[in-house]
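Visitor: Provided herewith is a single structure, encoded as structure tokens, for subsequent inquiry.
The values are calculated or read from the model by the stated rules, or taken from the named source; none is laboratory data. Please read all numbers here as calculations on a predicted model, not as lab measurements. For neighbour counting, all protein chains shown are included, and Cβ atoms are generated from backbone atoms with ideal geometry for every residue, glycine included. Areas reflect the complete protein model, heavy atoms only, side chains present, ligands, DNA and RNA absent. Shrake-Rupley method; radii C 1.70, N 1.55, O 1.52, S 1.80 Å.
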Amino acid sequence: MLRSLVGSEMCIRDSIKAQAGGRHDNDHADFRRIQVMPTIEELMSDEPPYLPDFSPNEGAVLDRQFRLLREDFIGPARAELKLLKENKVSRRTLFEDVEVTGIECEEATNKPSVIVRLSLPQGHRTHKMKTRKERKQYWETQGKNMLPHQALVCLVKDGSAMHFALVAKRDPDGLAGLSNDDRDPQIGLVIQGDSFTVLDMLFQIGRGAVWKILQLSTNYFSYEPVLKVLQGKDCLALAQEMLDADAPLVTPAYLLDVQVASSFPDNVNPSQRRALEQALSSRVALLQGPPGTGKTFIASTICEIIHSKSTETILVVAYTNHALDQLLENLLAKGITSMVRLGGRSKSKILEPVSYTHLRAHETPEHLVCRLLLEKKKKPKT
């Protein structure tokens, strides 16, 4: 009888691992019900997360992409909490003597931000800095990855993880301490959970409970919007091409009646010509090649042809700022000036006139009115 019960329990556990749901309080079969912010029970669970295999189905692909991307974010946080449980956590990411100094309203979310003062780990570089000016400069430069804005942190009491919070206020003035002698930094935290959770924490600190802060992640802000968009999607863009390797090529609608071959440059080699033909005769194309084979040249030529043969708006995304600058410089050299270079890390002097910051600073009153109307239109109704 005992052997039968043990075998039955093992079968149940195996079935749980093979499908979503049942591991903890944030494990659901429907990925849209999963809370993007992890829970304490979830990250402390000994069960491995559900990460499905590939399935050529739109819903399954959205589910898989969501779970894989979310695991990319919370996996390191889970590992850090495991080290906390084993008392092996790095002292560089653990901040002690947490003391509440006030509460402010976080403007972006309208949530209460708890202002806390904390002690830096022993041996921290700022301990050797004698003035606030030195410490402020450190937090603005070398220390920008320590407790950055929107970093996920865990509030720890008696060696156990209690609450999650996001860094909502990170001012170099506050991080530099109150005076030359008072070195302890201050930050603002938005505690995740309901108002009871926040009040419970404040009550315990008021009664003398010793709290610590453990930094878990520096990039929650870059994952959350993408994950929420995936949860809101009902279908997958370009599903035919993305899910069926044998699907016939579909020419983009905006190039259906256009003879693009006549627009090819004369100096392309046979391989580059094939790349142009495929890119301009299908909705999805993957062009690969080692350095020096003309990938940037082909990409800028594709943009030039689409720009001249259609009324489409083109979005160019590159893995590095240098690659993006190079491609946009090629387009400018071809006489295409109706573009905006987004992002503030461009080192190209040539692109300065089309940079977003430059255009904002020099926009005409008419452009300002149009931009404000567009921004108002995009804002969700409350």
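Visitor: For the list (1) in a strand (DSSP E or B); (2) open to solvent by 70 Å² or more (accessible area, probe 1.4 Å), I need the number of the one condition that Val116 fails.
Guide: All conditions are met except number (2).
Visitor: Quick check on Gly292: is it more than 28 Å from Leu256 (Cβ to Cβ) and either in a loop (DSSP other than H, G, I, E, B) or open to solvent by 80 Å² or more (accessible area, probe 1.4 Å) (or both)?
Guide: So Gly292 fits the description; yes.
Visitor: Only one of Phe203, Phe221, Phe196 is open to solvent by 30 Å² or more (accessible area, probe 1.4 Å), out of contact with any Ser or Thr (no Cβ under 6 Å at 6 or more places or on another chain) and farther than 26 Å from Ile74 by Cα; which?
Guide: The unique qualifying residue is Phe203.
Visitor: Can you tell me which residue in the stretch 233-247 is surrounded by the most Cβ atoms within 10 Å (Cβ to Cβ), limited to those that are under 20 Å from Arg70 (Cα atoms) and in contact (Cβ under 8 Å) with a residue 40 or more places away in the chain?
Guide: Leu236
Visitor: Also, I was wondering about something else. Here are Gln137, Gln215: which of them is at pLDDT 90 or above, surrounded by fewer than 18 Cβ atoms within 10 Å (Cβ to Cβ) and touching a helix residue (DSSP H, G or I) at 6+ places or on another chain (Cβ under 9 Å)?
Guide: Just one listed residue meets the conditions, Gln137.
Visitor: Another one. For the stretch 119-129, indicate whether the set of residues that are more than 28 Å from Phe203 (Cα to Cα), surrounded by 14 or more Cβ atoms within 10 Å (Cβ to Cβ), at pLDDT 85 or above and of a type outside the set (Val, Ile, Thr) is non-empty.
Guide: Checked the stretch 119-129: at least one residue is more than 28 Å from Phe203 (Cα to Cα), surrounded by 14 or more Cβ atoms within 10 Å (Cβ to Cβ), at pLDDT 85 or above and of a type outside the set (Val, Ile, Thr).
Visitor: Which residues, taken from the stretch 91-101, are open to solvent by 20 Å² or more (accessible area, probe 1.4 Å) and at pLDDT 80 or above?
Guide: Thr93, Glu96, Asp97, Glu99, Val100, Thr101
Visitor: Restricting attention to the stretch 302-325, report how many residues are open to solvent by less than 80 Å² (accessible area, probe 1.4 Å) and farther than 25 Å from Ala253 by Cα.
Guide: Total meeting the criteria: 5.
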